[in-house]
């Protein structure tokens, strides 16, 4: 106990953020710090102990912050480097990809959020992280922009986008996934001009985001802001409710995107734009703005066609088939969806998939 206490003092001196997390008990209550389900890299120390990641007394050979290896993404997930977040070498977790059945149900603390659970109670363990596609996908520089983009605010020791951009390894105030800023399910997104539910994404994807970020990504927060874009379509909003979805709710980012990248549905080909791969048509989506076939596979992943093909349950509801009076709403139609609903990202009130127009006859 004495050596562990001394070690704790060393680490407290290293990080004021860590000190705060310990002081209010967040670390010990977090997935990393729990004595029941916490980090267990080495059997030499108690589960969840700081010593699982930090080596405070190794004769000066430790990396910065006393870590057992360099402070890079691989500290977290590469088995070959002693990390935890990989069921098999470099591969996805066994729970991947997230399915509709992984959503927190009605009556739980956060209905709709993708989190492997049993009756609304989270089932812990790295292998149950249903949004983690694995090291190979995360490090695919062609598609994983959060890893490879030089404009990422925080970079790891190797110069790549750091997990710390979104996660607090010592336990933050957010409800899920050790996120450092609020990100939650769809309930509550219908209230107010802006939605605090998705603040994690909008902290960067806004006009105040990182210098150098693409203009098409800079106005995302505005497309969800009903003081800028009035009407229920703002934020790809839902005009009718059902299950735990309130009328007027704005669609969560994770219903279409996976911030870690994708391998494509059933491994058929990675998607660009960090598009998810959980739906049958979502593979090889590299040019949905211009390619008619790709965008129709994308949109029919959720929306049933007018002849009731494609689509499926989303957020606990079954979307209505598209209106049949538009010929190209049929499954075998040819026209690009964005021709009517918008592909413009040039300004805060532009019409695009995040802020779709009503469409044309």
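The values are calculated or read from the model by the stated rules, or taken from the named source; none is laboratory data. Everything numeric in this text was worked out from a predicted model, so none of it was measured. Note that each Cβ is placed from the backbone with ideal geometry, even for glycine, and that neighbours are counted across all protein chains shown.
Just one of the listed residues (323, 304) is farther than 28 Å from residue 105 by Cβ and assigned to a loop (DSSP other than H, G, I, E, B), and it is 323. Residues that are part of a loop (DSSP other than H, G, I, E, B) and over 27 Å from residue 165 (Cβ atoms) within the stretch 247-275 comprise 247, 248, 268, listed in sequence order.
For (1) at pLDDT 85 or above; (2) at positive phi; (3) surrounded by fewer than 18 Cβ atoms within 10 Å (Cβ to Cβ), each residue gets a yes or a no:
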| position | (1), (2), (3) |
| --- | --- |
| 2 | no, no, yes |
| 21 | no, no, no |
| 25 | no, yes, yes |
| 31 | yes, no, no |
| 57 | no, no, yes |
| 65 | yes, yes, yes |
| 72 | yes, no, no |
| 75 | yes, no, no |
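Taking the criterion of being more than 15 Å from the chain's Cα centre (by Cα) and at pLDDT 90 or above, the residues of the stretch 122-142 that qualify are 139, 140, 141, 142. Scanning the stretch 307-316 for residues that are on the phi < 0 side of the Ramachandran plot and at pLDDT 95 or above turns up at least one hit.
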